[in-house]
Amino acid sequence: MADATIAERWIEPPLQAREHTLCDADTYEAMYRRSIEEPDAFWDEQAARLEWITPPETIADWSFDPVAIRWFTGGTLNLCHNAVDRHVAAGRGETIALIFEPDDPAGEVRRITYAGLQREVIRMANTLKQLGVARGDRVTITMPMIPEAAFAMLACARIGAVHSVVFGGFSPDAIAGRVEDCASDWIICADGAVRGAKPVPLKAHVDAALQKVAAKAVLVVRHTGVDVTMVAGRDHWYHEASQGVAEDCPCEPMAADDPLFILYTSGSTGKPKGVLHTTGGYAVWTETTFRYVFDYRPGEIYWCTADIGWVTGHSYIVYGPLQNGATALMFEGVPNHPDHDRFWQVVAKHKVNIFYSAPTAIRSLMREGDGHVTKHDLSSLRLLGSVGEPINPEAWRWYHQVVGKGAVPIVDTWWQTETGGIMITTLPGAHPMKPGSAGRPFFGVCPQLVDGDGQVLDGATEGNLCISRSWPGQATTIYGDHERFVQTYFSTYPGKYFTGDGCRRDEDGYYWITGRVDDVINVSGHRLGTAEVESALVLHPRVAEAAVVGAPHDIKGQGIYCYVTLNVGEEPGEGLAAELRAHVRQEIGPIATPDFVHFTPGLPKTRSGKIMRRILRKIAENDFGSLGDTSTLADPSIVETLIDGRQNR
Ligand code: ATP
Ligand code: MG
């Protein structure tokens, strides 16, 4: 519907991207076809880039009904070996693996080579062993964005322990809930963290969490130097406990379907789920997707701005880049400190070539104006990426034009914690881009759009996004609750994996995520995705961000309720509300005309930066009592502001 006005244009990949790509359009077609027609042969070939201790006997070994997902059965390998040791063994030990850029722009940059990484990971692994951590044990890691967070993850993978990374900014309750859920006896944390010069008392949070749940040991990395309480017998300083540990530590041979990590989802749609990923499939999926989507070339600097506490940080700061021998930047800070140009200053400082970020960050920087971007030399950039939410075409254009100077492709990558890695995206150089569309399925991915009754819809259409076949990166269960796994993803449409997202497919076979299925608004019998209306609002020059939900409406059944934040310096008012209504009507059509416009200084977002529409829906419905699980909200105080705004209408 909105195509014609919002995203009318194809954008061809720039010539330089087409010339250097690993995969051009024809190669993509041939590889995609083979991945579907001969999946075993295809994935066997991709998996061969990894080093296996024992090669797999069976490649794909899965069923969606009953649900049992296994890949590369019979194979054994160690992911830490593949991410670290094999590069050192191949003579690439002096290549930089991680560049650490601290929160304070004047702070010390750390550069860690693959050989250095190997030493650090071994030190951490032997320290964990000494504390009693054994294969199969769950280890909670709650850390700032410092290299030790990656060392800790890789050390767990090395000794066969299962890591559960909990975002370093979470409250004691949120930490306790996750420690308890996966019965994790060990915790790795830092004394404190700083984000945008604001201190976070990490160890104190862990102490408070451990008032509610027990742990055998807490390993504390000294980072900010803040005073902490150490409980004798339970708490250990890393720099002390690691003294004198052995300098070698063999990589534990892991079965391909042995657990690698548990990670809790963002909680946008409900209580976070402890998604479990296994070793072999996840290793192959992150290695392959990183290789083709980011088209990485030796010597390049790659930067993913996600936090290690989210799946994006797992797959595209740690496991994907390191398996490819890449140089990945880790940034401790935030986009708007000390000023709104911090990202661009870091890009210029480290000559970043590949930059992977999220719509929430892009929109928040866009509202501050172009000057913060244009004052820096961003000519090193070769590829831009986006993940986490649908990117509004207006934000896409700004990213493309102002950040990428129109000369750099953008990959808009759709995926989920449960998918382990990227599922739908254009490939740079291979595919023209359409602002707001994620693009085409990655190798081995079979998207299907189905209607409410589970009928598969063909051609250009809109429906609920399912995946009809397993892929190597697929999560195998929810930790400790396989029934919830089956219920959540496989019961709505038996025999298919249901993503929970709504989606449109256009005549070119491009996929457009329209929002969460639960958020679809039904206006007088017409179904409207939230993304579409939000994108129309963001297109207005005075609007920074918008979130749209359905609200009860006497005549239409559901009315369109829009929460709107404005660009810096803009004032809300009835006149502007009327203008926005007319604007959306013009962009999409009369059916999408907003019924309510609620100006707000901010939106409720998860810690991973996603808009939590389920809370907005409750507020729009005047139902303030039962807001559900809000433990993953970044700023809970915004809820009060929104309720006040609602009550004063
Ligand atoms: P929960 O499952 O707990 O509700 P969540 O779904 O937000 O939380 P994640 O796994 O972090 O947790 O996010 C995955 C979701 O993010 C996808 O289902 C989709 O709705 C959205 N998403 C991610 N990338 C994109 C993208 N490129 N375009 C559109 N939507 C995206
Ligand atoms: Mg989800």
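What to note about this one:
- In segment 254-270, the residues that are at pLDDT 95 or above and more than 16 Å from ligand 2 (Cβ to nearest atom) reach residues that are in a strand (DSSP E or B) and small (Gly, Ala, Ser) with C-beta atoms within less than 7 angstrom, at least six apart or across chains, in these pairs: 261/164.
Residue-wise test of (1) assigned to a loop (DSSP other than H, G, I, E, B); (2) more than 28 Å from the chain's Cα centre (by Cα).
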residue	(1), (2)
240	no, yes
244	yes, yes
249	yes, yes
257	yes, no
261	no, no
270	yes, no
275	no, no
280	no, no
283	no, no
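- Taking strands (runs of 3 or more DSSP E) as the structural unit, those lying wholly within segment 490-577 and holding at least 3 residues that are surrounded by 19 or more Cβ atoms within 10 Å (Cβ to Cβ), more than 16 Å from ligand 2 (Cβ to nearest atom) and of a type outside the set (Ser, Thr, Tyr) correspond to 543-553, 557-566.
So that you can scan it fast, the table gives a plain yes or no per residue for (1) within 16 Å of ligand 2 (Cβ to nearest atom); (2) surrounded by 20 or more Cβ atoms within 10 Å (Cβ to Cβ); (3) in contact (Cβ under 8 Å) with a residue 24 or more places away in the chain; (4) not assigned by the TED database to the domain that holds residue 546:
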position	(1), (2), (3), (4)
407	no, no, yes, yes
414	yes, yes, yes, yes
421	yes, yes, yes, yes
436	no, yes, yes, yes
441	no, yes, yes, yes
451	no, no, no, yes
456	no, no, no, yes
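- Residue check, residue 151 among the aromatic types (Phe, Trp, Tyr), in the same structural domain as residue 310 (by the TED database) and in a loop (DSSP other than H, G, I, E, B): no
- For segment 462-483, residues that are within 22 Å of the chain's Cα centre (by Cα) and part of a helix (DSSP H, G or I) total 0.
- Criterion violated by residue 374 - all others in (1) hydroxyl-bearing (Ser, Thr, Tyr); (2) within 24 Å of the chain's Cα centre (by Cα); (3) away from ligand 2 (no atom under 16 Å from the Cβ) satisfied: (2)
- The single condition among (1) buried (at least 16 other Cβ atoms within 10 Å of the Cβ); (2) among the aliphatic types (A, V, I, L, M); (3) under 26 Å from the mean Cα position of the chain (by Cα) that residue 68 does not satisfy is (1).
- Lone qualifier among 13, 56 - being in a loop (DSSP other than H, G, I, E, B), farther than 30 Å from residue 391 by Cα and either in contact with a strand residue (DSSP E or B) (Cβ under 6 Å, 6 or more places away or on another chain) or at pLDDT below 95 (or both): 56
- Exclusive hit being away from ligand 1 (no atom under 15 Å from the Cβ) and under 30 Å from residue 368 (Cα atoms), set 330, 254: 330
- Segment 384-439, residues that are more than 9 Å from ligand 1 (Cβ to nearest atom), among the aromatic types (Phe, Trp, Tyr) and out of contact with any helix residue (DSSP H, G or I) (no Cβ under 7 Å at 6 or more places or on another chain): 396
- Qualifying positions in segment 82-113 - under 25 Å from the mean Cα position of the chain (by Cα) and assigned to a helix (DSSP H, G or I): 82, 83, 84
The values are calculated or read from the model by the stated rules, or taken from the named source; none is laboratory data. The structure presented is a predicted model; accordingly, all values stated were derived computationally and were not measured. Cβ: placed from backbone, ideal geometry, glycine included. Neighbour counts: every protein chain shown.
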